Amino acid sequence: MLPLTTVLEKVVNILVPDAKEPERASLLDERLLNTPSIALERCHIITSEMAKDSISCFKEAMLSIGDYNPQYAESVRKKEDQTDRLEDVLGTYLVNLSSRQISERDSMEAAKLLKIIGDFERIADHAVNIIRSVEELRQKNLNFTADARKELSVLSRAVNETVDITLKAYLDNDLDIALKVEPLEHVVDLLKEQLRTNHIVRLQKGSCSIDVGFVWSDLLTNIERVSDHCSNIAGCIIDIAGSNMNLHESLRRYRHDSDGYRKMLTQYISEYSLDTLKG
């Protein structure tokens, strides 16, 4: 039977496609709600798995832009479905936990997780949207120009670093790493606007079609929104470190009052400059 091991594994995965979710969800025993610290620990475990799925989902979608693979597309949709279900299970469990008499610290942790699972779920949603854009290009036999592909490669590197450090910041609960996300997210915003502007110039010159432009715009929007959700996740980590749950105020203060933020912003702008494509 040894040579058939791989085949049997595939058969089991087909027959029981959702086996991974019940195993994860089983960690959230209702009886643990009476012991909030343990219940929160279990929530962290499942959220970590959900986070890994979400980021993996997005990175597979990004790879599909340059090299579409039906297996990637299937994997992205499967992982997005998994994150949807896990968000529902975790959200319900955390709301039940928050309704109990728990410590202020546990209450903040539960609130942080409620926010974070929504952002990880949305990242997976945007990954599916990216796959749809790639499939639209293929179905309509459309292609980006060489310049557009080069520009997109810079944006892709920037947003891939953003999701990588966001995941690490969450998994390690590392404030120093979380602080790197916001300046990098700002750079992704700047790049998105530069790529939009450059596309308009190509359109005016007749080197790009309107149909391609629609897909280009959708693609840029979904990529940029992923970095927005990374900013939200990092902001929650920063809030908890400062015993504060006012996300927008924390990020506003960090952007305007931090020399570290300005230094990192300058570094990332230089690292991901489109000027490197010239010549």
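Checked against the criterion of being surrounded by fewer than 22 Cβ atoms within 10 Å (Cβ to Cβ) and β-branched (Val, Ile, Thr), the candidates VAL159, VAL128 yield just one match: VAL128. Under 26 Å from LEU94 (Cβ atoms), assigned to a helix (DSSP H, G or I) and of a type in the set (D, E, K, R), is that true of ASP147? The answer is no for ASP147.
Results for (1) closer than 20 Å to LYS150 by Cβ; (2) open to solvent by less than 20 Å² (accessible area, probe 1.4 Å), shown as yes or no for each residue.
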site	(1), (2)
LYS205	yes, no
VAL212	yes, yes
ASP218	yes, no
ILE223	yes, yes
VAL226	no, yes
ASN232	no, no
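Hey, any hits in segment 140-148 for a residue that's closer than 21 Å to ASP275 by Cβ, free of Cβ contacts under 8 Å to residues at least 60 places away in the same chain, aliphatic (A, V, I, L, M) and open to solvent by 10 Å² or more (accessible area, probe 1.4 Å)? Looking through segment 140-148, at least one residue is closer than 21 Å to ASP275 by Cβ, free of Cβ contacts under 8 Å to residues at least 60 places away in the same chain, aliphatic (A, V, I, L, M) and open to solvent by 10 Å² or more (accessible area, probe 1.4 Å). When segment 30-65 is limited to residues that are among the polar types (S, T, N, Q), farther than 14 Å from ILE130 by Cα and open to solvent by 20 Å² or more (accessible area, probe 1.4 Å), the one that is nearest to the chain's Cα centre (by Cα) turns out to be SER48.
Which of (1) in contact (Cβ under 8 Å) with a residue 12 or more places away in the chain; (2) under 21 Å from SER227 (Cα atoms); (3) open to solvent by 40 Å² or more (accessible area, probe 1.4 Å) is the odd one out, the single condition ASP81 does not satisfy? Exception for ASP81: condition (1). In this structure, ARG100 qualifies as open to solvent by 40 Å² or more (accessible area, probe 1.4 Å), basic (Lys, Arg) and in contact with a helix residue (DSSP H, G or I) (Cβ under 7 Å, 6 or more places away or on another chain).
Take the residues in segment 127-144 that are of a type in the set (S, T, N, Q) and in a helix (DSSP H, G or I), then tell me which one is farthest from the chain's Cα centre (by Cα).
Here the answer is GLN139.
No other residue among LEU114, LEU190 is more than 27 Å from GLN267 (Cα to Cα), part of a helix (DSSP H, G or I) and open to solvent by 20 Å² or more (accessible area, probe 1.4 Å) apart from LEU114.
What's the number of the condition VAL181 fails, among (1) free of Cβ contacts under 8 Å to residues at least 60 places away in the same chain; (2) within 25 Å of GLU30 (Cα to Cα); (3) among the aliphatic types (A, V, I, L, M); (4) open to solvent by less than 50 Å² (accessible area, probe 1.4 Å)? The number of the failed condition is (2). Being of a type in the set (S, T, N, Q), over 18 Å from the mean Cα position of the chain (by Cα) and more than 25 Å from GLU224 (Cα to Cα) is a description that applies to THR92.
The values are calculated or read from the model by the stated rules, or taken from the named source; none is laboratory data. Quick caveat, the model's predicted, so the values are computed rather than measured. Glycine also receives a Cβ, built like all others from the backbone with ideal geometry; neighbour counts cover every protein chain displayed. These accessible areas exclude ligands, DNA and RNA; they are computed on the full protein's heavy atoms, side chains included. Shrake-Rupley method; radii C 1.70, N 1.55, O 1.52, S 1.80 Å.
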